[in-house]
Ligand SMILES: CC(C)(COP(=O)(O)OP(=O)(O)OC[C@H]1O[C@@H](n2cnc3c(N)ncnc32)[C@H](O)[C@@H]1OP(=O)(O)O)[C@@H](O)C(=O)NCCC(=O)NCCS
């Protein structure tokens, strides 16, 4: 399941330049709550992901890089879904990497690792209803559309995959 053409490592404090550039890009943040982020907001976001790794040890968000050049292409993995008590899969990639199946490949690897390294019974995924590429990545990973919902103060489409559904998908592949 680990993607051969990608390299994925837990996000670290030293990733701030890449993360600030990613979240400073208007194209990347078009469908993200709050739009373009300042470096301070990007650092606050990164700090949240590091705290999540610290709390859960074996699950969280990854730095995703090209497996050959090691160039940063984006981030992917899980975090708390607002204050719901659920865990959500999320991702953002640099526009130069879009449309090559990289997001799908990285998200599947992150899901696999998250189910293996936790006892979660399901993992959620949310997107702006109009973010069709993101919805497609969730569906490519086996998540099912469940309902329109409201998280982080915004209206979103809510998707989910259970551990059983994930295991059935992996064993059928
Ligand atoms: C969402 C995002 C990660 C998708 O990245 P990507 O590299 O293009 O994803 P993939 O190549 O793995 O797959 C994208 C799928 O969406 C489809 N797609 C792309 N643009 C589309 C569009 N406008 N309408 C419908 N489907 C579209 C592709 O055809 C592909 O489907 P396929 O697997 O059946 O061929 C990327 O656009 C991104 O980083 N966006 C900014 C951050 C963001 O919005 N994150 C999600 C927050 S919820």
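Only the coordinates and a few stated rules stand behind these numbers; no lab work does. Remember, predicted model here, so these are calculated numbers, not experimental data. Don't worry about glycine lacking a Cβ; one is built from the backbone with ideal geometry, like all the others, and counts go over all protein chains shown.
Please provide three numbers in whole Å: the alpha-carbon extents of the stretch 6-172 along the principal axes, with the largest listed first.
So the three principal-axis extents are 38, 35, 33 Å.
Determine the gain in length on full extension of the stretch residue 43-residue 119; use 0.36 nm per residue of separation and subtract their C-alpha separation, reporting nm with one decimal.
In short, 24.4 nm is gained.
Want the number for residue 171 to residue 132: 0.36 nm per residue separation, take away the alpha-carbon distance, what's left?
Separation in residues times 0.36 nm, less the Cα-Cα distance, equals 11.3 nm.
Please tell me the relative contact order of the stretch 65-173 in percent, rounded to the nearest whole number, where contacts are Cα pairs under 8 Å and at least six residues apart.
In percent, rounded to a whole number, it is 22.
Sort 94, 78, 170 by Cβ crowding within 10 Å, fewest neighbours at the top.
The fewest-first ordering by Cβ neighbours comes to 170, 94, 78.
How far is it, in nm, from the label point at residue 100 to the one at residue 150 when both lie 7 Å from their Cα along the line to the Cβ?
Going by the 7 Å Cα→Cβ label model, 4.1 nm.
Nearest 5 percent is fine: what portion of the DSSP beta bridges confined to the chain is antiparallel?
95
Please list, by residue number, everything in the stretch 110-132 whose backbone N is under 19 Å from a paramagnetic label point 7 Å out along Cα→Cβ of residue 163.
In the stretch 110-132, the label zone of residue 163 (backbone N under 19 Å from the point 7 Å along Cα→Cβ) covers 110-125.
Between residue 54 and residue 4, what is the label-to-label distance in nm when each label sits 7 Å out along the Cα-to-Cβ direction?
Result: 3.9 nm between the two label points.
Return the FRET efficiency for the residue pair residue 30, residue 70: r is the Cβ-Cβ distance, R0 is 25 Å, and the value is rounded to the nearest 0.05.
0.35
To the nearest Å, what is the center-to-center distance of the stretch 112-173 and the stretch 1-60, using C-alpha atoms only?
19
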